[in-house]
Amino acid sequence: MNHLNSFSKLEHLCGDKRINRLFTQGDAFIAYPLRVVFMIEPKKDNVPVSVMVSVPKKRFKRAVKRNRIKRLMREAYRLNKFEVVEKLSEKQLQAHVAFNYVSDEEFDFETIEKKMKIALQRLIEKIPG
């Protein structure tokens, strides 16, 4: 198993305090249909990026659809995260990132992956230094 392409429990952003801090102090941008909220800080943990994905119940009433979209978003992130992880590790920084799905329609994996790549590219540009 290649650890670069995994998405382990350690990489999941959890804990109310950390999530609230991200949403109150973090910056955001939109790579439609994704809204990306992020916060970059000096390295504390040995995980360069912690991530959470969310799909609002307001837009998708059925849990099956929400879960499918979240699964696609996590997979798109898992396959394309290596550049962000590399860049942050190199600069001794860590990032907390939330990917919120803001569209009313369900997109296929290709579209979500393409937008995820754009979002991650913009995240890399925002890394200081």
_Top-ranked residue of the stretch 98-115 - restricted to ones that are of a type in the set (A, V, I, L, M) and under 23 Å from Asn20 (Cα atoms), ranked as farthest from the chain's Cα centre (by Cα)_ = Val102
_Looking at Ala95, Ala119, Ala76 in this structure, which one is small (Gly, Ala, Ser), surrounded by 14 or more Cβ atoms within 10 Å (Cβ to Cβ), farther than 20 Å from Asp27 by Cα and within 12 Å of the chain's Cα centre (by Cα)?_
Ala76
*Since Asp27 meets every condition but one in (1) modelled with pLDDT under 95; (2) of a type in the set (Asp, Glu); (3) touching a strand residue (DSSP E or B) at 6+ places or on another chain (Cβ under 8 Å), which condition does it not meet?*
(1)
*Kindly indicate whether any position in the stretch 52-69 is under 13 Å from Leu123 (Cβ atoms) and modelled with pLDDT of 95 or more.*
no
*What residue, of Ile118, Ile112, Ile69, is touching an Asp or Glu at 6+ places or on another chain (Cβ under 7 Å), of a type in the set (Val, Ile, Thr) and not in a loop (DSSP other than H, G, I, E, B)?*
Ile69
_Test result for Ile127, outside any helix (DSSP H, G or I), of a type in the set (A, V, I, L, M, F, W, C) and surrounded by fewer than 17 Cβ atoms within 10 Å (Cβ to Cβ)_ = yes
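The values are calculated or read from the model by the stated rules, or taken from the named source; none is laboratory data. As the structure is a computational prediction, the values presented were derived from the model and not from experiment. Note that we place each Cβ from the backbone using ideal geometry, even for glycine, and neighbour counts take in every protein chain shown.
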